[in-house]
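Notes follow once the structure below has been shown.
The values are calculated or read from the model by the stated rules, or taken from the named source; none is laboratory data. Remember, it's a predicted structure, so these values are computed and weren't measured experimentally. In this analysis, Cβ positions are derived from the backbone assuming ideal geometry, glycine residues included, and neighbour counts consider all displayed protein chains.
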Amino acid sequence: MSDFEDAPSLLSRLIDTEQTGSAEHGVIISERACALVQVKALGGKRTQLRAGLKKLLGEVAPNKPLHATVTERLTIAAVGPDEFWCIAPGEEAEAFIEQVTKAVGPMGAVFQHSDARRVLTLSGTAAETVLSSGCSVDFDASVFPVPGGCLTVIEMISVLVVKRDTVPTFDIAVPNSYAESFLDWLLIVVRDYGYRIQQA
Amino acid sequence: MRIPCPWCGKRSRDEFRYLGDANVKRPAADADDKAWVDYVYMRDNPAGPHRELWYHAAGCHSWLVVTRDTTTHEITDVALADAKS
Amino acid sequence: MKHQRYRLPDGGRIDRTSPVRFTFDGKSLEGYKGDTLASALLANGRHLLGRSFKYHRRRGVFSAGPEEPNALVTLGADGADEPNIPATMVPLSEGLVARSQNAWPSLRFDLLSVNSMMKPLLPAGFYYKTFMWPRKAWYALYEPMIRRAAGMGEIGQAADTSRYERRHAHCDVLVVGAGPAGLMAALAASKAGARVILADDRDTLGGSLFTDNVEIDNQPGVDWATRLALELSVTDKLQVLRCTTVFGQYDGLTFGAVERVADRGDPGETGPRERSWVIHAAQAVIATGAVERPMTFAGNDKPGIMLAGAARRYLNQYGVRPGRQVAVVTNNDDAYRTAIDYADAGADVTLVDTRAQDTAPASALIAHKDIRTFYEHGVVTAGGKRRVKRLTVGSVHAEEKSWKAETIGADLVCVSAGWSPTNHLLSHLGKKPTFDPDIGAPVSREPGGGLHVCGGAAGTFDLHKLIETSVETGRKAANAAGRKKRNKVNIPWTDDPVPYAYTPYWRHPGKAGDTHTSFVDMQHDVTVADLELAAQEGFHRPDHAKRYTTLGMATDQGKLSNVNALGLLAEMGERGIGDIGTTTYRPPYAPVALGAIAGSIGADAFRPTRVTPFHRWHKRLGAVFTDAGLWRRAYYYSRHGPDFAGAVAKEVEAVRETVGVVDVSTLGKFEVRGPDAATFLDRVYAGPLKSLKPGCARYGLMLREDGILFDDGTVSRLADDHYVLTTSTAHTAAVAEHLDHAAQVTWPDLDVALSNVTEQWAQIAVSGPKARHVVSAIVDGLELNHEDFPPLTVGSGRFGNAPVRVFRLSFSGELAYELAVPARRAEALWEAVMEAGVNHGIMPYGTEAMTVLRTEKGHIAGPEIDGRTTAEDLGLSRFVSKKKDYIGRRMSERSALTDADRLQLVGLLPPGESGKTIRAGSHLVTDPSQIGQSTSEGHVTTAVFSPTLGHDIALGMLKRGRDRHFDRIYAVFPMRNEVVELRVRDPFFIDPRGARADV
């Protein structure tokens, strides 16, 4: 039963080199282990909360709707009024929430979601088109900030979407229970555009 | 139908849940029966602009006060129900 | 086979170097790349293409567009066929297989055309009148007979193997229609900086420029259009969708469209057959052009009669001349183009104009042509058996008794009763167009609400004006969307010799022709006689006449018939056409394949499913799964017994005697934090929560504000300002909404933060006398003995390197602990529990065993919390505080909810503990011979076989149930004629004092 020691990667059921068409004009699909922490401001202390985050995480939390701060290591997305999601590399889950909790102090409530979601990354020229097959959000650069993030639904599944760059690259945090279903859907949709699976 | 969420921008109607009249206020615990019946059951059904509560269930989880013309579905105003935000 | 004998040696926009083979009714034929199925069939001299809906009359191609009422064909074969496709909209492709419809046994010899002779017996409304009685005969005789005779193509019985796709798109300006108006509007909007989508239902962009010989910028209009279309297709932020029908306008400027990807035949295209689009536009320009109206006269449906514009399109776009002896019948100038083009193509042309020559400006253009003319004449009858051969025409001055019939020989009759703006999309949301007498049709010029209209759709038919106004319209739309760049758009120079003038004419005033063969709606075989009958019987409003006659209700949605019907009804009622109103257009504008709407998601995965973090373990252990909402939950494990009942009994036994483990991860879990968390929860739950100490848990009820029970679950206080709640699986989303409403709307002053953490925690319940042995072995950092960790305690420990939350809660009635670990540790936790329990005979159990266990204990669940019951009804008043305000308190005190006559929770069991089976859903009655709504005193909510007790037990809701313990009652299930005698008792079948969990 040793195969149950670690929760398997969502993509592990797929072959490493699996692809159809040309991923060059399509998308590359990969998965990252992430630590996800939800932060909600308390007592309307949004400004102090942002200052706290900046002090401890070294990054400025965005102040405008749907805007995000994205670095190699860290993502902070302003996905709701008084609500941020912070994403860091997966191995740091417990340390990360401690760090965020400290940063926020009494200005905010912190909730651990590191195990609640799987983060798939969709990158490539067709990424936006692929998403548009199941998602009604307008991710066009004229409307949606880059980097930016939001909560929405893709094919009836609630997701957190972060648009990292103009490639474009999207991180999609899918609820654990829906992850297999989401991947089933994604693999149906991407075959018309060309894709490659990239194992971690 | 698209509802312009003050935070998330224009979103499809299927991201939202509808509740109804936004003008009702919860009475005090000891208010009379009429006040409670009005709060729980009695609703106006205007043809025209209507302030109503919508919940952005699949987005930012905000309750919104949406002013919608019930005859045309035209939305003229949207605000967060939680005024302190 | 005579090879395309109606194809002219040159001309047209087809690729004569690329022949295309196709099959029609089993015959192999040839056309060219660029043909439609209709143009290729016409080129091959196939004028007879189908039989009509009701009378089985011969019909041929009548139009060259989506308005086609007659040339409907079935495409494909081998059961995957698709019926009722207008041949006019099918691009010809190699190997295409098509067949005609509604003829039996064959198209040429159709036995059911006897219907045609019975016409006077099959008037409008005959369904309502004739087949009323006897009722039985309707199902046995009339309906099958009518269905055989009437109707259209038959749908294939095989599964559709085509692929479809769905997509959302967003733009500043959606332009519908890519004729000269749409092209210019899109150009102008794009130049102003707008994100534009330009959609057209055809493969070739240019619209009427393929039909009309005009010049733009010193080149043929069609070349100009092709060049502009090419430019637009490579313009940044402008998406051109060809073969795309925008079929509906919905609220908030959302449009539905379907793109027939395969129809384009693009080389290398591997995409789906069709793609459905949901287009979210900030503004929309409707440039859908106009549709020509047929002329109404006896025999106006015969093969060889078609719209004048269509005839022109077949000649100019496809190089097909469907007849040599051509009659053009008109009340407007546009049809003069057809007369001129056919005369220039060597046909022998006669022109019949209902107007006087001096009111027909275009008459000057044909003066020097070899065209025979009849001014102030209209057609009375068309003659010819297999196809049209001759027309009988007469003076339109009927009051002059002296009018005499003249006969004209014609094998192609081109008719035009004027042009009607295609304004379906403008009126889909209920906005009615107004009737414009100048063009004889309803038009919406100022639709408002983000909609703009230009070109033929606005009733603008002058080419120069059309281009000017379309540029203006495109710019206006872009500006309204906030795009205001001032790039110049050049207005091209145009040369269009034919002006547009029109005089109303609905039918020959002499009324000499047979009204039973004067068709208004050809697809539904509705005639002038039918409309007369409708008007005579009082159905003279268009929407009434429509329902009475079925006019406009066929798949073409009355594109050709609606306006003519308005004119005729107005004439019959001697009222102004503008006064009688119009019919309502509803989406879709044209039929849409259901597959396209479903999109890429096949039947198997139409909705997502949810699995718990333990899913792989369940599968490995041979779980049989059940659907709970979207969740797949382990129902029971087939390895535990020979069958369902046996397996469930084993699982229950394990919990009662040793230890069992069940996956409860689907329960909703919420965390509440913040300084006001305690106050908030005290207002949300019916029970007192302020007194709950950190480290303690409590069973809690949430009520709706109307006093009815909403959900039950547990509240655990982890720290002063930190709580975790559980909710029932099914109510998780509703509870989230309810809590957010309380926090944001009802009490925004409370400082709390909520989070749905259902997905974060994998949760199991370990239950049974040996539960403590198992849990103690795997949890570090917590003393779990009875003294340190009594019932309703909560604590945080470690499971390996992960946190674990331990709750001393029991749903089963046994000593039990619930363990929650971060979801990624789920499988390790399960493995550890199984290992720790192996010596105690641990057994996983599923949701059915859980139901049995809780029913034995008298614990309520979903079937009891059914949206009608109160806490009091369910015997839970001890969980309801009398001392505080909370959601639902006030209304729960009203008399209706405290009435002694209400249904109350009881236990039910067969007398003598017999082996009788009780069925959930049965009604409870005192006298089983009196079964009815008025005698029902309640119902069975949950019924299970109790392995512990050895017989069936049930929970039910019974009127005054708590006062009726030991009474006899009957559970009746009339649909299966079941009656079971039962005894009423308390619902606690085992261990009523709860001693088993308290050890």
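Only residues that are of a type in the set (S, T, Y), assigned to a loop (DSSP other than H, G, I, E, B) and without any contact (Cβ under 8 Å) to a residue 40 or more places away in the chain were counted in region C:907-951, giving 3. Of the residues making up region C:743-754, at least one is within 11 Å of chain A (Cβ to nearest Cβ), crowded, with 21+ Cβ neighbours inside 10 Å, in contact with a helix residue (DSSP H, G or I) (Cβ under 6 Å, 6 or more places away or on another chain) and part of a loop (DSSP other than H, G, I, E, B). Against the numbered list (1) part of a strand (DSSP E or B); (2) in contact with a helix residue (DSSP H, G or I) (Cβ under 9 Å, 6 or more places away or on another chain); (3) of a type in the set (F, W, Y), C:F988 comes up short only at (1). Applying the set (1) under 25 Å from B:A31 (Cα atoms); (2) in contact (Cβ under 8 Å) with a residue 12 or more places away in the chain to C:A896 leaves exactly one unmet item: (2). One residue stands out among those in region C:292-337 that are basic (K, R) and closer than 18 Å to C:K369 by Cα: the one that is farthest from the chain's Cα centre (by Cα), which is C:R324. Exactly one condition in (1) surrounded by 13 or more Cβ atoms within 10 Å (Cβ to Cβ); (2) in a strand (DSSP E or B) is not met by B:T76; state its number. Failing condition for B:T76: (1).
Considering region A:29-58, and only residues there that are more than 14 Å from every other protein chain (Cβ to nearest Cβ) and in contact with a Cys (Cβ under 9 Å, 6 or more places away or on another chain), the residue that is nearest to A:I15 (Cα to Cα) turns out to be A:L57. Quickly run through region C:439-480 and pick out the residues that are touching a Lys or Arg at 6+ places or on another chain (Cβ under 9 Å) and assigned to a strand (DSSP E or B). Result: C:A441, C:P442, C:G448, C:L451, C:H452, C:V453. The residues on offer are C:R805, C:R798, C:R825, and the sole one that is basic (K, R), over 23 Å from C:C696 (Cα atoms) and either touching a strand residue (DSSP E or B) at 6+ places or on another chain (Cβ under 7 Å) or without any contact (Cβ under 8 Å) to a residue 24 or more places away in the chain (or both) is C:R825. Residue count for region A:159-186 under the criterion of being free of Cβ contacts under 8 Å to residues at least 60 places away in the same chain and closer than 30 Å to C:G268 by Cβ: the result is 8. Scanning region B:43-85 for residues that are within 14 Å of chain A (Cβ to nearest Cβ) and of a type in the set (F, W, Y) returns B:Y55, B:W63.
Of the residues C:V291, C:V278, C:V328, C:V246, which single one is closer than 28 Å to C:G599 by Cα and away from chain B (no Cβ under 14 Å)? Give the derivation first.
Values: C:V291 fails: closer than 28 Å to C:G599 by Cα; C:V278 fails: away from chain B (no Cβ under 14 Å); C:V328 fails: closer than 28 Å to C:G599 by Cα.
Exactly one of C:V291, C:V278, C:V328, C:V246 is closer than 28 Å to C:G599 by Cα and away from chain B (no Cβ under 14 Å), namely C:V246.
Looking only at residues of region C:231-243 that are part of a loop (DSSP other than H, G, I, E, B) and over 22 Å from the mean Cα position of the chain (by Cα), we find that the one that is nearest to the other protein chains (Cβ to nearest Cβ) is C:K237. If you go through region A:70-108 and keep only what is of a type in the set (A, V, I, L, M) and within 14 Å of chain B (Cβ to nearest Cβ), you end up with A:A77, A:A78, A:V79. Only one entry in C:A832, C:A816 is crowded, with 20+ Cβ neighbours inside 10 Å, among the small types (G, A, S) and under 51 Å from the mean Cα position of the chain (by Cα), namely C:A816.
A:E72 falls short on exactly one of the conditions (1) farther than 28 Å from C:Q744 by Cβ; (2) of a type outside the set (G, A, S); (3) assigned to a helix (DSSP H, G or I), and that condition is (3). Summed over region A:117-147, the residues that are in contact (Cβ under 8 Å) with a residue 60 or more places away in the chain and either more than 12 Å from the chain's Cα centre (by Cα) or within 15 Å of B:K10 (Cβ to Cβ) (or both) give a count of 9. Looking across region A:23-43, the residues that are within 19 Å of A:D115 (Cα to Cα) and of a type in the set (A, V, I, L, M, F, W, C) come down to A:A33, A:C34, A:A35, A:L36, A:V37, A:V39.
Taking the numbered list (1) crowded, with 17+ Cβ neighbours inside 10 Å; (2) hydroxyl-bearing (S, T, Y); (3) under 30 Å from C:T746 (Cβ atoms); (4) away from chain B (no Cβ under 14 Å) in turn, C:S892 passes all entries but (4).
Only one of the numbered conditions (1) part of a helix (DSSP H, G or I); (2) within 14 Å of another protein chain (Cβ to nearest Cβ); (3) out of contact with any Leu (no Cβ under 8 Å at 6 or more places or on another chain) is not met by C:A730, and that is (2).
Take C:T354 and tell me if it is farther than 20 Å from C:T211 by Cα, touching a Ser or Thr at 6+ places or on another chain (Cβ under 6 Å) and touching a residue at least 12 places away in the same chain (Cβ under 8 Å). In short, no. Here C:R960, C:R968 are screened, and the one residue that is loosely packed, with under 14 Cβ neighbours inside 10 Å, in contact (Cβ under 8 Å) with a residue 40 or more places away in the chain, out of contact with any Ser or Thr (no Cβ under 6 Å at 6 or more places or on another chain) and not aliphatic (A, V, I, L, M) is C:R968.
Candidates C:D341, C:D301, C:D334: the one that is in contact with a Leu (Cβ under 8 Å, 6 or more places away or on another chain), within 21 Å of C:V61 (Cα to Cα), touching a residue at least 40 places away in the same chain (Cβ under 8 Å) and among the charged types (D, E, K, R) is C:D341.
Set side by side, the residues B:A58, B:A47 differ, and just one is modelled with pLDDT of 95 or more, over 16 Å from C:D706 (Cα atoms), small (G, A, S) and touching a helix residue (DSSP H, G or I) at 6+ places or on another chain (Cβ under 8 Å), which is B:A58.
Of the residues making up region C:789-809, those that are modelled with pLDDT of 95 or more and either in a loop (DSSP other than H, G, I, E, B) or under 17 Å from C:G660 (Cα atoms) (or both) number 8.
Let's see how each residue does on (1) farther than 16 Å from C:V880 by Cα; (2) away from chain A (no Cβ under 14 Å); (3) β-branched (V, I, T):
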| site | (1), (2), (3) |
| --- | --- |
| C:A645 | yes, yes, no |
| C:V652 | yes, yes, yes |
| C:D663 | yes, no, no |
| C:T666 | yes, no, yes |
| C:D676 | yes, no, no |
| C:V684 | no, yes, yes |
| C:S691 | no, yes, no |
| C:P694 | yes, yes, no |
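Looking at region C:784-805, is at least one residue farther than 28 Å from A:V110 by Cα and touching a Phe, Trp or Tyr at 6+ places or on another chain (Cβ under 9 Å)? Yes, the conditions are met somewhere in region C:784-805. Taken together, the criteria place C:A765 among residues that are buried (at least 23 other Cβ atoms within 10 Å of the Cβ), away from chain A (no Cβ under 14 Å), of a type in the set (A, V, I, L, M) and assigned to a strand (DSSP E or B).
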